[in-house]
1. Which one is least open to solvent (accessible area, probe 1.4 Å) among residues in region 228-243 that are touching a residue at least 40 places away in the same chain (Cβ under 8 Å) and among the aliphatic types (A, V, I, L, M)?
2. In the set Y297, Y283, which member is touching a strand residue (DSSP E or B) at 6+ places or on another chain (Cβ under 7 Å), modelled with pLDDT of 90 or more and open to solvent by less than 100 Å² (accessible area, probe 1.4 Å)?
3. Name the residue that is surrounded by the fewest Cβ atoms within 10 Å (Cβ to Cβ), counting only residues in region 131-165 that are of a type in the set (K, R) and at pLDDT 80 or above.
4. In region 238-256, is there at least one residue being of a type in the set (D, E) and either modelled with pLDDT of 90 or more or closer than 30 Å to R61 by Cβ (or both)?
5. Taking into account only those residues within region 66-112 that are near ligand 1 (Cβ under 9 Å from one of its atoms), within 16 Å of the chain's Cα centre (by Cα) and open to solvent by less than 30 Å² (accessible area, probe 1.4 Å), which is farthest from G184 (Cα to Cα)?
6. Just the residues that are of a type outside the set (F, W, Y), near ligand 2 (Cβ under 9 Å from one of its atoms) and open to solvent by 60 Å² or more (accessible area, probe 1.4 Å), please, taken from region 202-215.
7. Can you tell me which residue within region 174-201, out of those that are small (G, A, S) and crowded, with 18+ Cβ neighbours inside 10 Å, is nearest to ligand 1 (Cβ to nearest atom)?
8. So G126 clears everything in (1) within 16 Å of ligand 1 (Cβ to nearest atom); (2) modelled with pLDDT of 90 or more except one condition, right? Which one?
Amino acid sequence: MISIVTPVYNEEDNVVYFHDEVTRVMKDLAMDYEILYVNDGSTDDTEEKIRALAAADPHVRAISFARNFGHQVAITCGMDLADGDAVITMDGDMQHPPALIPRLVKKWQEGYDIVQTIRTATEDAGLVKRLTSAGYYAFINAIADSPIRPGGSDFRLMDRKAILTFRRFREHSRFIRGIVGNLGYRQTTVNFVAPPRHAGKSKFSMKKMLHLAMDGILTNSTVPLRLVFYMGILSAVGSFFLILYVLGCWAMDATVPGWATMTILLSFFGSLQLLGLGIAGEYISRIFRETQARPLYWIAADTADDEKSPWRKARGR
Ligand code: UDP
Ligand code: MG
């Protein structure tokens, strides 16, 4: 059985279209399947739409969060609840083409445990997004514990055993690509070109993007901390020579010229200290979140709890 996990956040104009497309592909594949929609606290009609799908189609399980928890957490929830021998995670806006599913499944049947898709291009992405993305991946790969492929997306297939391992990773600052890259197992990739969204706008604000980018770096590496340490050593060596110079001037009774040097040094070391503090602070705030050990998400409604749910009958629960 194959599980499809799809997070949806204000996708009222996409879910039904997406559902029809995936259903068509899965019927062609002639394999048993379920589709889990995780409604990430939508404020539009997404919830009603997925509940209607679940009422009409025994393959569908509709889960709704109590509020918005974010894309990475919504995917995690679907991976926690999926019953399939393989689990495919994909976005609900058609940017992850359902037509690719048979190729992922084929790789799985060939014996791969994780089939990662690689976006070779996004049709509607601007130059800025492309350049920042390329720079980001170059940086993260220079410092990360495990490699992260440029263009990696959260469209992937995972075998049940990889899913069971993934479920034991409960960190709050999640960058699923980093975790999956770290899992090992037999991994392979499939390339694709992401088409523009079917309807609506991207739900990723600049703020959410930056946050995910930070998590990607900070949860995969402690190199930034070491960099600050090295910078500290460098500036200590620099100041040592500066002190020698000042002492030399004093011994030779020369006046030490100073205002410009003072200002430069003060602001330089001031910013260096704040930078170090900021980087340490980012790690500490993540430590704080993890020690709170709050649940990753909580669910307000799940059609699987409904005795009359067609999904439940089909799965013999
Ligand atoms: N999404 C979500 N929670 C969020 C933001 C997005 O569940 O807080 C879902 C969204 O409905 C979509 C997928 O995650 O199915 C990818 O989001 P989007 O298309 O906005 O991201 P982009 O493709 O622009 O990176
Ligand atoms: Mg999208």
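1. V228
2. The match here is Y297.
3. K161
4. There is no residue in region 238-256 that is of a type in the set (D, E) and either modelled with pLDDT of 90 or more or closer than 30 Å to R61 by Cβ (or both).
5. G92
6. S202
7. Among them, the one singled out is A194.
8. (2)
The values are calculated or read from the model by the stated rules, or taken from the named source; none is laboratory data. All values reported here derive from a predicted model rather than from experimental measurement. Counting neighbours? That spans all protein chains shown, and the Cβs are built from the backbone with ideal geometry, glycine included. What goes into the accessible areas is simple: the full protein's heavy atoms, side chains included, and nothing from ligands, DNA or RNA. Shrake-Rupley method; radii C 1.70, N 1.55, O 1.52, S 1.80 Å.
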